[in-house]
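Enquirer: Please read through the structure below; I'll follow up with questions.
The values are calculated or read from the model by the stated rules, or taken from the named source; none is laboratory data. Since the structure is predicted, the reported quantities are computational estimates derived from the model, not experimental observations. Positions of Cβ are backbone-derived with ideal geometry, glycine not excepted, and every protein chain shown enters the neighbour counts. For the accessible areas, the whole protein counts, side chains as well, though only heavy atoms, and no ligand, DNA or RNA atoms are used. Shrake-Rupley method; radii C 1.70, N 1.55, O 1.52, S 1.80 Å.
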Amino acid sequence: MEQTIYYKERQKGYKEALKETKKSQRSSFENQIKLKLYKWWAEWKPDYEGWLKVADTLYADSCKIDAIGQETQIFQDYKAAMKHQRDAFSMDMGPIEQCVVENDTVCIFYKMYMTFKGDMFGRKKGDEIVLKVTEFNTFDYVDGYDEPMVVHLNLITTGF
């Protein structure tokens, strides 16, 4: 797999988060969930199968997701929606530009780069759009997992 500049920036962000959490005044749980999200970000994969492998390490099976469409989905339904999205677009994620951690929630801001795989929505194959994304990831301990998992994702995009 080709490593894009965004991949390298995500790796750098994880290393910086490791350093920062060692000196932070946040609780141990807050540092743990921040690092988990940054690690996941560093391991994020642009292909659907690769994404599934890392997504299964972040989202609880019962996770409620407000991201694609108007209705809240559970993680299994979100996987299907992401498959449809990956069939239509090539995706890459920029580095986390801002991160706020409070109690059980990590809020991040980043840019998502989507390239059309075919003509649609008045766009041509190969056109790229950049979405600005804000995510609120709420973590908790869930039966069947050894570490906190995302139990609610609220993803807000602008720019399409």
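Enquirer: Report, in degrees rounded to the nearest 10, the 0 to 90 angle that the Cα long axis of helix 75-88 makes with the longest principal axis of the chain.
Expert: Around 40 degrees separate the two axes.
Enquirer: Label points 7 Å out from Cα along the Cβ direction at D127 and Q3: separation in nm?
Expert: 3.4 nm
Enquirer: Loop only per DSSP, at most 16 neighbouring Cβ atoms within 10 Å: give me the trypsin sites (Lys or Arg not before Pro) in the range 11-49, ordered by residue number. All intermediate terms of the calculation are to be shown ahead of the outcome.
Expert: Details: sites: K12, K15, K19, K22, K23, R26, K34, K36, K39; in loops: R26.
Hits after loop and neighbour filter: R26.
Enquirer: State the percentage of accessible surface on the range 1-154 attributable to carbon and sulfur atoms; use a 1.4 Å probe and exclude ligands, DNA and RNA. Intermediate results must be reported in sequence, preceding the final value.
Expert: On the way: 4160 of 8590 Å².
Carbon with sulfur: 48 percent of the solvent-accessible area.
Enquirer: Could you give me the ³J(HN,Hα) list for the range 136-147, computed from phi with Karplus coefficients 6.51, -1.76, 1.60 and θ = phi - 60°, whole Hz, x at Gly and Pro?
Expert: Working through the residues one at a time gives 10, 10, 9, 10, 7, 7, 10, 3, x, 10, 8, 9 Hz.
Enquirer: Against the longest principal axis of the chain, how steep is helix 5-23, in degrees 0 to 90 to the nearest 10, with axes from Cα atoms?
Expert: 10 degrees
Enquirer: Another question about this same structure. Could you tell me which of rounded, prolate or oblate describes the range 1-56, using a ≥ b ≥ c as the square roots of the eigenvalues of the alpha-carbon gyration tensor, with rounded for a/c under 1.5 and, failing that, prolate when a/b is larger than b/c and oblate otherwise? Kindly include the intermediate steps, with their values, before the conclusion.
Expert: Working: a/c = 5.17, a/b = 1.74, b/c = 2.98.
Here the range 1-56 falls in the oblate category.
Enquirer: What is the magnitude of the charge dipole of the chain about its Cα centre, with +1 placed on the Cβ of each Lys and Arg, -1 on the Cβ of each Asp and Glu, and no other charges, expressed in debye to the nearest 20? The partial results should precede the final answer.
Expert: On the way: 23 positive and 26 negative charges, 131 e Å.
Taking the Cα centre of the chain as origin, the dipole is about 640 debye.
Enquirer: Heavy-atom accessible area per residue, the range 62-160, 1.4 Å probe: how many Å²?
Expert: Details: 5470 Å² over 99 residues.
Result: 55 Å² of accessible area for each residue.
Enquirer: Sticking with this structure for a sec: Within the range 96-153, report the trypsin sites (Lys or Arg not before Pro) that DSSP leaves as loop and that have at most 14 other Cβ atoms within 10 Å. Before the final figure, lay out each step's value.
Expert: Values: sites: K111, K117, R123, K124, K125, K132; in loops: K117, K124, K125.
Loop-located and lightly packed - K117, K124, K125.
Enquirer: Run through the range 45-126 and list the chymotrypsin sites (Phe, Trp or Tyr not before Pro) located in a DSSP loop whose Cβ has at most 10 other Cβ atoms within 10 Å. Provide the component values of the computation, followed by the final result.
Expert: Values: sites: Y48, W51, Y59, F75, Y78, F89, F109, Y110, Y113, F116, F121; in loops: F121.
Answer in residue order: F121.
Enquirer: Right, another one. Relative to the longest principal axis of the chain, what angle (0 to 90°, nearest 10) does the C-alpha long axis of helix 28-43 take?
Expert: 30 degrees
Enquirer: Moving on. Over the chain, what is the percentage of antiparallel beta bridges among all DSSP beta bridges, to the nearest 5? Don't skip to the end; give the middle numbers.
Expert: Values: 33 of 37 bridges.
Taking every DSSP beta bridge with both residues in the chain, the antiparallel ones total about 90 percent.
Enquirer: Starting from the Cα coordinates of the chain, work out the convex hull volume and express it per residue in Å³. Let's see the in-between values first.
Expert: Working: hull volume 18.0 nm³, N = 160.
Taking the convex hull of the Cα positions in the chain, it is 113 Å³ per residue.
Enquirer: Using 7 Å Cα-to-Cβ label points, what is the Q76/E97 separation (nm, one decimal)?
Expert: 3.7 nm
Enquirer: If you put +1 on each Lys and Arg Cβ and -1 on each Asp and Glu Cβ, how big is the dipole of the range 57-107 around its Cα centre, in Debye rounded to 20? Before the final figure, lay out each step's value.
Expert: Numbers: 4 positive and 9 negative charges, 45 e Å.
For this selection, approximately 220 debye.
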